[in-house]
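I have placed the structure first, in the form of structure tokens, so that the comments after it can refer back to it.
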Amino acid sequence: MGNTIKEVDLGVSIGSLRLRNPVMTASGTFGYAREFEPYVKLNRLGAVVVKGISLEPRSGNPPPRIVETSCGMLNAIGLENVGVKRFISEKMKSLQAVNVPVVVNILGDTLEEYREIAERLAGLKGIAAIEVNISCPNVKKGGVAFGTVPGMAAAVTTAVKQESTVPVIVKLSPNVTDITVIARAVEDAGADAVSLINTLIGMAIDHRTRKPRLANVIGGLSGPAIKPVALRMVYQVAQAVAIPVIGIGGIETVEDVLEFMLVGATAIQIGTANFINPRASEEAVEGLAKYVAEQRLGSIREIIGAVVLP
């Protein structure tokens with residue numbers, strides 16, 4: 001299969017970033033990437049996206065923080081991470097030795113925090129792109145998530161773009177009335193691409209104890225259960241913007257990857273599936289190479305947006 005991958009054209013572009021194939025890992029599901037080296041040949045992937053990085057270290061929420069649900073999982077990790085200073089000195093230094101594009105997911109509670117993180121990462125060797133998590137609460141606006149108000153989403157995008165030296169991908173929240181409005185707002189603010197969807201808000205109850213299964217009460221729903229919602233939103237956003245769209249949500253197999261690309265995704269991210277099958281991302285790349293060869297396509301790019309509608 002290694003030879004097949006070399007023989008076919010799986011390359012895609014996200015702004016000025018050229019990827020060897022469309023398969024990326026989703027933030028929060030792949031650690032800082034090198035943890036998966038015993039299971040995955042990282043240099044076979046299109047890109048790895050590290051877990052979200054905040055200005056200061058975060059310890060996250062108290063346990064229990066993960067609950068299995070029907071066809072998915074709820075998590076309320078609380079964006080635990082080492083903070084940007086340690087990320088630069090420890091994690092990024094280690095990642096610079098890996099031959100794979102590294103996308104750094106960033107998050108903040110204020111506009112100033114996003115700006116400062118982007119400024120600290122600017123020009124750092126080994127960073128291929130920045131992905132901006134706008135599902136975080138704006139503490140100065142009463143906890144309203146940046147990603148639910150077009151003006152706030154645009155402001156974050158502008159702030160990061162002003163400091164960034166690499167393409168900026170804005171990760172959209174599905175917990176909105178019309179995701180295309182937010183997508184157009186960040187595109188107008190200069191985003192090089194959008195990725196979607198982030199998790200849906202959900203909860204789980206233990207009927208025996210009558211208590212929530214998560215200590216945080218509510219959490220983010222991911223996994224196969226959200227795939228139809230994600231697929232619909234990717235389709236809608238791809239119709240609404242001119243910038244590349246990266247599909248996320250319930251992707252486990254090469255068939256899932258193909259579905260997202262057919263509705264307009266240029267690339268995809270595999271998330272929850274990594275917990276079930278650590279090789280899911282590499283297997284998807286192998287499956288894409290086989291598909292392109294069997295279909296006698298000139299490149300995988302031929303199927304982007306090629307869905308046949310009634």
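The values are calculated or read from the model by the stated rules, or taken from the named source; none is laboratory data. Model, not experiment: these values are computed from the prediction. All Cβ positions, even for glycine, are placed from backbone atoms using ideal geometry, and neighbour counts span all protein chains on display.
Observations on the structure shown:
- Listed by position, the strands (runs of 3 or more DSSP E) contained in region 189-280 that have at least 3 residues being of a type in the set (G, A, S) and in contact with a Pro (Cβ under 8 Å, 6 or more places away or on another chain) form an empty set.
- 3 or more residues at pLDDT below 95, touching a Ser or Thr at 6+ places or on another chain (Cβ under 7 Å) and within 30 Å of R20 (Cβ to Cβ): qualifying helices (runs of 4 or more DSSP H) within region 57-143: none
- Comparison of L288, L297 shows that the only residue that is closer than 21 Å to G11 by Cβ, of a type in the set (A, V, I, L, M, F, W, C) and surrounded by 18 or more Cβ atoms within 10 Å (Cβ to Cβ) is L288.
- Residues (surrounded by fewer than 24 Cβ atoms within 10 Å (Cβ to Cβ), free of Cβ contacts under 8 Å to residues at least 40 places away in the same chain and in contact with a strand residue (DSSP E or B) (Cβ under 9 Å, 6 or more places away or on another chain)) located in region 255-279: D256, E259
- From the options E116, E56, E90, residue that is of a type in the set (D, E) and farther than 25 Å from K141 by Cα: E90
- Looking across region 36-68 at every residue that is charged (D, E, K, R) and closer than 18 Å to S89 by Cβ, the one that is surrounded by the most Cβ atoms within 10 Å (Cβ to Cβ) is identified as K51.
- T165 satisfies every condition listed in (1) of a type in the set (S, T, N, Q); (2) more than 18 Å from the chain's Cα centre (by Cα); (3) modelled with pLDDT of 95 or more except (3).
- Scanning region 83-117 for residues that are in contact (Cβ under 8 Å) with a residue 24 or more places away in the chain, hydrophobic (A, V, I, L, M, F, W, C) and more than 30 Å from A225 (Cα to Cα) yields a total of 8.
- Residues of region 88-143 satisfying the condition of being small (G, A, S) and under 16 Å from T158 (Cβ atoms): G108, A118, A122
- The residue that is farthest from T69 (Cα to Cα), counting only those in region 281-310 that are in contact with an Asp or Glu (Cβ under 9 Å, 6 or more places away or on another chain) and part of a loop (DSSP other than H, G, I, E, B), is G298.
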